[in-house]
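Before any comments, here is the structure.
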Amino acid sequence: MPTRRIAQEKQLATLFFSYSHKDEALRDQLETQLAMLKRQGVIDTWHDRRIDAGQELHAQISSHVENDDIILLLVSPDFLASDYCYDQEMLRAMARHDAGEAIVIPVILRPSEGWTGAPFGKLNAVPADGKPITLSPDRDQAFVEVAGAIRKAAARLLPKPAPFTPAAPQMRSVAQPPSLSVPARQGFAPRSSNLRLAKTFSERDRDRFKDESFEYIARFFDTSLAELGARNPGIEGSFRRVDANRFTASIYRAGQAVSRCTIFIGSSMLRDGIAFAYGETNSNNSLNESLSVVADDQSMFLRSMGMASYSRQQDEAAKLSQEGAAELYWGLLIAPLQQGQR
């Protein structure tokens, strides 16, 4: 496929985010990871939140879809469900990609059924093997991988420097100071990319995030157990909500229990955590794994204590999303079946 090179006078590659507004928080985290690329003059990014009041929405978006050098498709169920993202942005982006006019990079944000059958499914997606970013045990590392793919794409676009030819010496009667003026590129208004401000999270914020995460994990287990039974004859899952702070999950094969667990908040060992215990228990003193709420200067996450054997591959410092934390606990429950154990 021919690859369009950026014009010689152009200093950096332009990049457009095609995404669903429901994924705005993930888009912001990705853009933060691209800060060095912007500081180094490799890329300039644009998304629809930069449209000023009074500007025509569709015309602005269409202009970037038609003209930007790199187009990121931030793939999620909401992205695929959006007629605008799919029909107006993605299809046109793929036409330009196939014509060698732009580079399209699919970024798999969240698990999405059937995305490999979409027109962009033929492209090499990031992170590696199309693993969703929200399922990564270390979200920051997943975004670094995306940034690396963008840097390589920009390098393919940039013109190669001309061979160095020493200039012939020139005689000047009066030394002239170097010009301090920098010609502005057409349509480019310079601004700092260093606009992020640190956020602070109160104890109430942390408690709310813990409660929301517990509810997410509960829903995740309920639907996963139902799907596990639907896909595997002879397997039956049971989800039981004990109270607001506790639920149990069991998996049966041919009527015999092969794996059970209890997930609860309010552990006496970890006040702000979400605990996992094998078997069914009403105790708050016994657990096999736990998740605690942590925060950086932008977001709140969950961190595994790394107590269970399944977690030995997990980086204890990893920042887990709610989905990543749910997958971690689900892996503990389903491991006996996947290992063929009774």
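The values are calculated or read from the model by the stated rules, or taken from the named source; none is laboratory data. Keep in mind it's a predicted model, so treat the numbers as computed, not measured. Glycine gets a Cβ as well: all are built from the backbone with ideal geometry, and neighbour counts include every protein chain shown. All accessible areas refer to the heavy atoms of the entire protein, side chains included, with ligands and DNA or RNA removed. Shrake-Rupley method; radii C 1.70, N 1.55, O 1.52, S 1.80 Å.
Details
- Top-ranked residue in the stretch 196-215 [being surrounded by 12 or more Cβ atoms within 10 Å (Cβ to Cβ) and not in a helix (DSSP H, G or I); ranked as modelled with the highest pLDDT]: F201
A quick yes/no check of all residues on (1) open to solvent by 30 Å² or more (accessible area, probe 1.4 Å); (2) modelled with pLDDT under 90:
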site: L26; (1), (2): no, no
site: Q29; (1), (2): yes, no
site: R49; (1), (2): yes, yes
site: D52; (1), (2): yes, yes
site: Q55; (1), (2): yes, yes
site: H64; (1), (2): yes, no
site: D69; (1), (2): no, no
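- Residue count for the stretch 274-300, restricted to those that are small (G, A, S) and modelled with pLDDT of 90 or more: 5.
- Filter result for the condition that a residue is out of contact with any helix residue (DSSP H, G or I) (no Cβ under 6 Å at 6 or more places or on another chain) and at pLDDT 85 or above, over R271, R303: R303
Here is a yes/no grid of residues against (1) open to solvent by less than 60 Å² (accessible area, probe 1.4 Å); (2) in contact with a helix residue (DSSP H, G or I) (Cβ under 9 Å, 6 or more places away or on another chain); (3) in contact (Cβ under 8 Å) with a residue 40 or more places away in the chain; (4) assigned to a helix (DSSP H, G or I):
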position: I217; (1), (2), (3), (4): yes, yes, yes, yes
position: F220; (1), (2), (3), (4): yes, yes, yes, yes
position: G229; (1), (2), (3), (4): yes, no, no, yes
position: I251; (1), (2), (3), (4): yes, yes, yes, no
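- Selection within the stretch 106-117: residues that are touching a Phe, Trp or Tyr at 6+ places or on another chain (Cβ under 8 Å) and either of a type in the set (G, A, S) or not in a strand (DSSP E or B) (or both). The member of this set that is nearest to R139 (Cα to Cα) is L109.
- Out of D69, D98, D129, D83, one residue alone is over 18 Å from the mean Cα position of the chain (by Cα) and without any contact (Cβ under 8 Å) to a residue 40 or more places away in the chain. It is D83.
- Taking residues in the stretch 32-46 that are in contact (Cβ under 8 Å) with a residue 40 or more places away in the chain, and partners anywhere that are open to solvent by 30 Å² or more (accessible area, probe 1.4 Å) and of a type in the set (G, A, S), the pairs with Cβ atoms closer than 7 Å and at least 6 places apart or on different chains are A35/S193; K38/S193; R39/S193.
- Scan of the stretch 275-291 for residues that are outside any strand (DSSP E or B) and open to solvent by 60 Å² or more (accessible area, probe 1.4 Å), ordered by number: E280, N282, N285, S286
- Taken as a whole, the condition of being modelled with pLDDT of 60 or more, farther than 30 Å from V293 by Cα and surrounded by 10 or more Cβ atoms within 10 Å (Cβ to Cβ) applies to A149.
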